[in-house]
Amino acid sequence: MRRAPITKKGFEQLRDELDRLKKVERRNVIQAISEARAHGDLSENAEYHAAKERQSFVEGRIKELETKMANAEIIETGRLTAEKVVFGSTVVLLDGDGRTKKKYTLVGQDESDLKNSRISVTSPVGRALIGHKVGDEVTITTPAKTVQYEILEISIE
């Protein structure tokens, strides 16, 4: 499988979630299953079935996180320069009409979060920005539309 780029911070977040799932959630689920079994007939025990469903979710998420971490390639962004847009860059863009500014940080697919302006380096926007410098005009084609932006600032997290 291909190595997936990720920031050190993103990797630490995956590790923290994995630790929480293994040390806290797994124990809580086992306790809930044990309590539900004590209520008797399991065939009609909604608490038991809910706990088993939760156990399935937790174990699946643990497996998913372990796979992501095994395939992760941590990119040290602290050594990068802000001369051009690269993985880990935070970019401030001005749209073509000169009215709207947008700010994005380019991260790995597993840590992208549009609500927090963290976009995947493999997304249409991320791919279009890579390699450009401050002052460059960039045309970004997404499934919804094509937009022109000017790169105003580049910084490294």
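Quarter the surface of the alpha carbon convex hull of the stretch 78-156 and you get the mean projected area, 5.0 square nanometres.
Note on Ala46/Lys115: beta-carbon distance plugged into 1/(1 + (r/R0)^6) with R0 of 41 Å gives a FRET efficiency of 0.75. To the nearest 10 degrees, how steeply does helix 46-70 sit against the main Cα axis of the chain, on a 0 to 90 scale? Rounded to the nearest ten degrees, it is 40. Taking Cα centre as origin and charging only the Cβ of basic (Lys, Arg, +1) and acidic (Asp, Glu, -1) residues, the dipole magnitude of the stretch 106-157 rounds to 200 debye. For the pair the stretch 21-82 and the stretch 89-141, the centres of their Cα atoms are 33 angstrom apart. Compactness ratio for the chain: Cα radius of gyration over 2.2 N^0.38 Å (N = residue count) comes to 1.44. Note that the stretch 149-154 has calculated 3J(HN,Hα) couplings of 9, 10, 7, 8, 9, 9 Hz, one per residue in order, obtained from phi through the Karplus relation 6.51 cos²θ - 1.76 cosθ + 1.60 (θ = phi - 60°); glycine and proline are x.
Rounded to whole numbers, the Karplus 3J(HN,Hα) couplings from phi for the stretch 10-15 are x, 5, 5, 5, 4, 4 Hz, using 6.51 cos²θ - 1.76 cosθ + 1.60 with θ = phi - 60°, and x at Gly and Pro.
About its Cα centre, what dipole magnitude does the stretch 13-157 give when the only charges are +1 on Lys and Arg Cβ and -1 on Asp and Glu Cβ, stated in debye to the nearest 20? Mind showing how you got there, number by number?
On the way: 23 positive and 25 negative charges, 19 e Å.
The calculation lands at about 100 debye.
If you sort the three axes of the alpha carbon gyration tensor as a ≥ b ≥ c, you get a/c of 1.5 or more for the stretch 4-75 and a/b above b/c, which makes it prolate.
Per-residue ellipticity at 222 nm computed for the chain from its helices equals -11500 deg cm²/dmol, with DSSP H segments shorter than 4 residues left out and the rest contributing -39,500 (n - 2.57).
Which entries in Lys101/Lys133; Lys8/Lys63; Lys68/Lys145; Lys63/Lys145 show an alpha-carbon gap greater than 27 Å? Present the calculation step by step, with values, prior to reporting the outcome.
Numbers: Lys101/Lys133 16 Å; Lys8/Lys63 20 Å; Lys68/Lys145 31 Å; Lys63/Lys145 37 Å.
Pairs exceeding 27 Å: Lys68/Lys145; Lys63/Lys145.
Be a star and scan the stretch 53-88 for residues whose amide nitrogen sits under 19 Å from the point 7 Å along the Cα-to-Cβ vector of His39. Only 53-57 fall inside the zone, counting backbone N under 19 Å.
Since every read-out is calculated from the coordinates, none of them should be taken as a lab result. Owing to the predicted nature of the structure, the values given are computational and were not obtained by experimental measurement. All Cβ positions, even for glycine, are placed from backbone atoms using ideal geometry, and neighbour counts span all protein chains on display.
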